[in-house]
Amino acid sequence: MAEKINFSIDDINNIINKHTINNIDCRKIGALYNVSEYTIREILKKHNITIINRQFKKKYSVNELFFSDVNSINSFFIGLMASDGNINKNLNSFSISQSGDNGLKLIDTICKWINFNGVTYHNNTTHKIAHNITVTSKKMVKNLIEHNITPNKSSTYSYNNKALFNEFLQGYVEGDGCVGIYKKNGIEYYYISFFGNENFKESIIDLLPIKPTCYRINEKYFEMKFFGRKGIEFSNWLWKNPVYLNSSKYNKFIAYNTNKYVNCRHQIYHNLNSKILRMINEGLTIKEITELLNISKRTIYNLNYNKKNGRNTF
């Protein structure tokens, strides 16, 4: 998510004067306006101002070996960058922005993961405050490009199997996913979804344990959605070993997967009930059903199984 700041004409003139007359570099100007160096450079480029590049010593540290070995944390981060990050090859930098209180918690966690002690920028947007970090590191940018994270990646990105898939997808969903409840005919249904271009969809579809329902949003993008029981089964797989425990989406799932949402769970049991009845009508025994569905006999009896007229019915 790139920074979206509306500067006044006076602000823009002041930025140009600070750079061209006062010889203040873009990083320092960015700090004055609480935005990134990249944002200042883009303003100067837009107004055909020659940018004076100066050698400077980093005023922050970062672990440039963060991507050296594939692990759960950097796989999560790669997924987050794939869905919600930006890189600038010309500046050898990457940035990530998240909004609201939950977004700030995630940015703070990322800073700890990569041992980054630089500035976090806080910018007012229409709805929430956006929190952004920009990191300059030629080595880390090169690592990200190896994972297909490139400038203007939104319409071209595809997963290339270089990160741990489950943890990668946790990060991707954190950046560009939705978790929630919707009502239909008075019943609450759980769902989880995430978005991506067609390349991305095709690169992961065979790796998913449960196939989503895919909706075309426009010419380039799809929404991949899991409803009801499929949604809960997929979420159980996705967060079987959660990388980021403060994830707002993970915690929504935990909340939805409790008895608080009785109607949602009732719908799940109704679907299971129907499936068991269909299997009984096809002549399967209770033992066969328990093995096929990986459930106990007690579960079946709790679903109101009874003997009636010599035939197994519900």
Where Cys111 falls short, out of the listed (1) in contact with a Phe, Trp or Tyr (Cβ under 9 Å, 6 or more places away or on another chain); (2) closer than 25 Å to Glu37 by Cβ; (3) not aromatic (Phe, Trp, Tyr): (1)
Can you confirm whether Asn90 is at pLDDT 90 or above and part of a loop (DSSP other than H, G, I, E, B)? no
Can you name every residue in the stretch 126-147 that is without any contact (Cβ under 8 Å) to a residue 60 or more places away in the chain, surrounded by 18 or more Cβ atoms within 10 Å (Cβ to Cβ) and assigned to a helix (DSSP H, G or I)? Val141
May I ask you to verify whether Lys105 is free of Cβ contacts under 8 Å to residues at least 24 places away in the same chain, part of a helix (DSSP H, G or I) and of a type in the set (Lys, Arg)? no
For the stretch 11-69, give me each residue that is acidic (Asp, Glu), at pLDDT 90 or above, in a loop (DSSP other than H, G, I, E, B) and out of contact with any helix residue (DSSP H, G or I) (no Cβ under 6 Å at 6 or more places or on another chain). Asp69
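Would you call Ile49 of a type outside the set (Lys, Arg), in the same structural domain as Ser137 (by TED's automatic domain parsing) and farther than 26 Å from Leu245 by Cβ? First the steps, then the outcome.
Working: of a type outside the set (Lys, Arg): yes; in the same structural domain as Ser137 (by TED's automatic domain parsing): no; farther than 26 Å from Leu245 by Cβ: yes.
Spelling it out, it is not the case that Ile49 is of a type outside the set (Lys, Arg), in the same structural domain as Ser137 (by TED's automatic domain parsing) and farther than 26 Å from Leu245 by Cβ.
Name the single residue that is farthest from Asp69 (Cα to Cα) among those in the stretch 148-174 being crowded, with 22+ Cβ neighbours inside 10 Å and not charged (D, E, K, R). So that I can check it myself, show each step before the final result.
To start, the set of residues in the stretch 148-174 that are crowded, with 22+ Cβ neighbours inside 10 Å comprises 159, 163, 167-174.
Cutting the leftovers down to not charged (D, E, K, R) gives us 159, 163, 168-173.
Numbers: Tyr159: 18, Ala163: 10, Phe168: 14, Leu169: 18, Gln170: 18, Gly171: 17, Tyr172: 19, Val173: 22 Å.
Among residues in the stretch 148-174 that are crowded, with 22+ Cβ neighbours inside 10 Å and not charged (D, E, K, R), the one farthest from Asp69 (Cα to Cα) is Val173.
Please find, within the stretch 6-32, the residue that is surrounded by the most Cβ atoms within 10 Å (Cβ to Cβ) out of those that are over 19 Å from Phe94 (Cβ atoms) and touching a residue at least 24 places away in the same chain (Cβ under 8 Å).
Ile15
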Looking at (1) surrounded by 14 or more Cβ atoms within 10 Å (Cβ to Cβ); (2) in contact with a Phe, Trp or Tyr (Cβ under 6 Å, 6 or more places away or on another chain), can you tell me which one Lys249 breaks? (2)
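The values are calculated or read from the model by the stated rules, or taken from the named source; none is laboratory data. These figures come from a predicted structure and were not determined experimentally. With ideal geometry, Cβ positions are generated from the backbone for all residues, glycine too; neighbour counts draw on all protein chains shown.
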